[in-house]
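A short write-up of the structure that comes next.
The values are calculated or read from the model by the stated rules, or taken from the named source; none is laboratory data. The structure displayed is predicted, hence computed values, not measured ones. All Cβ positions, even for glycine, are placed from backbone atoms using ideal geometry, and neighbour counts span all protein chains on display.
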Amino acid sequence: MGLKLRDGVSFCISNDQTVLCDIHNDRFFALPPSWNSAFRAALSNDCHGDIDSALQPFFRSGLLLKTDDDQKPQALLLPTPTSSALDRPYSKVPIKSLISGLFAHWLARHALAHEHLKDTLARLSRRKAANANAQFVSGDLSEILPAFLATRRWMPSQDNCLPLSLALVEFLARRGAFPTLVIGVRMRPYGVHAWVQQGGLILNDRVDTVRRYTPIIAI
């Protein structure tokens, strides 16, 4: 018997705790202990006579679906962050680029205010897929990233990681670059965080910060 998560549901394991993201309902939640054990056993193929009955709550809720193959849900596997673009020296920012960065912030906040997160992420995913052959050259950051980073001083600092990351993705897309938007979670203490990366390069955060989180969504 194979298993798959319902469309729009993803998971990660943080501190031995399974966390699910139901993006259609803008919801992150940790599985209770009995569900966590059953889900982890199913993923590891440690199946026994009781495993199907232990998974019944997942089937009844629609979180898990049975398939005819032997596939199982897979957690995200992203390159380990090794460096941050924030540590690079950059040149001065032209006013025109600064205005463009501020406009990207406005677009991101407008999208979050007027559409569900699932729709925003779906739009980003479609655009990235349509530009799958675009080449990201990290050296180009010396010309385009400073304009975006300079705008952060005018942005509210509290709970700002998602709009900042969405704005950066928008800003870079308009310049032909399509890095990865990542949303991660941690359990101790619980928190959700967003950042942008390309391979092991973090574009808008510090390596030691993002390493505290386990990726659960990557667009």
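Would you say D159 is at positive phi and at pLDDT below 80? Give the derivation first.
Working: at positive phi: yes; at pLDDT below 80: yes.
So D159 passes the test.
Selection within the range 4-30: residues that are touching a helix residue (DSSP H, G or I) at 6+ places or on another chain (Cβ under 6 Å) and buried (at least 18 other Cβ atoms within 10 Å of the Cβ). The member of this set that is farthest from V182 (Cα to Cα) is T18.
Listed by first and then second residue, the pairs linking a residue in the range 190-207 that is within 15 Å of F178 (Cβ to Cβ) to a residue that is buried (at least 22 other Cβ atoms within 10 Å of the Cβ) and of a type in the set (S, T, Y), with Cβ atoms under 6 Å apart and 6 or more places separating them unless they lie on different chains, are V196/S165.
Which residue, of R175, R212, is under 20 Å from L145 (Cβ atoms), outside any helix (DSSP H, G or I) and not β-branched (V, I, T)? Don't jump to the end; show me each part of the working.
Values: R212 fails: under 20 Å from L145 (Cβ atoms).
Checking each option against the conditions leaves just R175.
Condition check ((1) under 14 Å from the mean Cα position of the chain (by Cα); (2) under 17 Å from L86 (Cα atoms); (3) in a strand (DSSP E or B); (4) basic (K, R)) across all residues:
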site	(1), (2), (3), (4)
E170	no, no, no, no
G191	yes, no, yes, no
Q197	yes, yes, yes, no
N204	yes, yes, no, no
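Can you tell me which residue within the range 181-213, out of those that are crowded, with 19+ Cβ neighbours inside 10 Å and of a type in the set (S, T, N, Q), is modelled with the highest pLDDT? Applying the filter and picking the extreme gives Q197.
Of all residues in the range 71-122 being β-branched (V, I, T), assigned to a loop (DSSP other than H, G, I, E, B) and at pLDDT 70 or above, which is farthest from I202 (Cα to Cα)?
Narrowing the range 71-122 to residues β-branched (V, I, T): 80, 82, 93, 95, 99, 120.
Restricting the remaining residues to those that are assigned to a loop (DSSP other than H, G, I, E, B) gives 80, 82, 93.
Narrowing further to those that are at pLDDT 70 or above: 80, 82.
Details: T80: 10, T82: 8 Å.
If we take residues in the range 71-122 being β-branched (V, I, T), assigned to a loop (DSSP other than H, G, I, E, B) and at pLDDT 70 or above, then T80 is farthest from I202 (Cα to Cα).
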